[in-house]
Structure formats: structure tokens, C-alpha cells
Amino acid sequence: MIAVTAELRVREGRQRELEDHLGKLAEQVREKEPGCHGYQLARSKHDPRLYLTIERYEDDEALAAHSHAEHYTAALKTLMDCLEEPPRVALFEEL
């Protein structure tokens, strides 16, 4: 199992927009990507502009399929426009 985290710093005043777009994306990922076993969004308790996505993929192929999925690539520009800086992504192998 592959775990992915992405730390997102949203632009001031764009929090709701980011949450709406990521919520729709999460629904599509869960519905259309059988190799994805979890796609969650969390907001920092200490910094309302800091978000974290926590994703779980069956294997490298499922992660690659996610990266190339039409719903994901279509959402990227809108999501990136909401961010103050590029996301900080980390990949992990579950133990």
C-alpha cells in the first residue's frame, strides 16, 4: 500500500473554494478509482490556511492511474490557483 500526503497552503480568503473543489475531487476519486483506498482532507487546528490530503493507493500503478485520471488533471489548475505555494507532497510505503 502506498500512502501519499500533500500539504497545501491556501491563499487568504480562498479556503472555502479549496474545500469545495477538493471535496468534489475526493468524491470522484472514491467513485472512479478502485485502486484508491482512502482520500481525506484535513485542516490544521492551529492554522486555518494549512490543509493536508491523506491518500492511500493499492500500489504504484494505482497511484500512476490517479495522477493521469481525467478528473484529477481537470481539477489541478483550479486547485493550484487557490494555493499560495506549490503543495509539499510525500510518498510512503505502509508497514
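The values are calculated or read from the model by the stated rules, or taken from the named source; none is laboratory data. All values reported here derive from a predicted model rather than from experimental measurement. Positions of Cβ are generated from backbone atoms using ideal geometry, with glycine treated the same way; all protein chains shown enter the neighbour counts.
So the values come out like this:
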read-out	value
Filtered residues of the stretch 12-40 (kept if assigned to a strand (DSSP E or B) and either of a type in the set (Phe, Trp, Tyr) or buried (at least 17 other Cβ atoms within 10 Å of the Cβ) (or both))	Cys36, Tyr39
Scan of the stretch 41-56 for residues that are surrounded by 17 or more Cβ atoms within 10 Å (Cβ to Cβ) and part of a loop (DSSP other than H, G, I, E, B), ordered by number	Arg49
Ala42 at negative phi and modelled with pLDDT of 95 or more	yes
Number of the exception - Ala62 against (1) under 16 Å from Glu12 (Cα atoms); (2) in contact (Cβ under 8 Å) with a residue 60 or more places away in the chain	(1)
Residue that is farthest from Leu50 (Cα to Cα) [pool: residues in the stretch 69-93 that are in contact with a helix residue (DSSP H, G or I) (Cβ under 7 Å, 6 or more places away or on another chain) and hydroxyl-bearing (Ser, Thr, Tyr)]	Tyr72
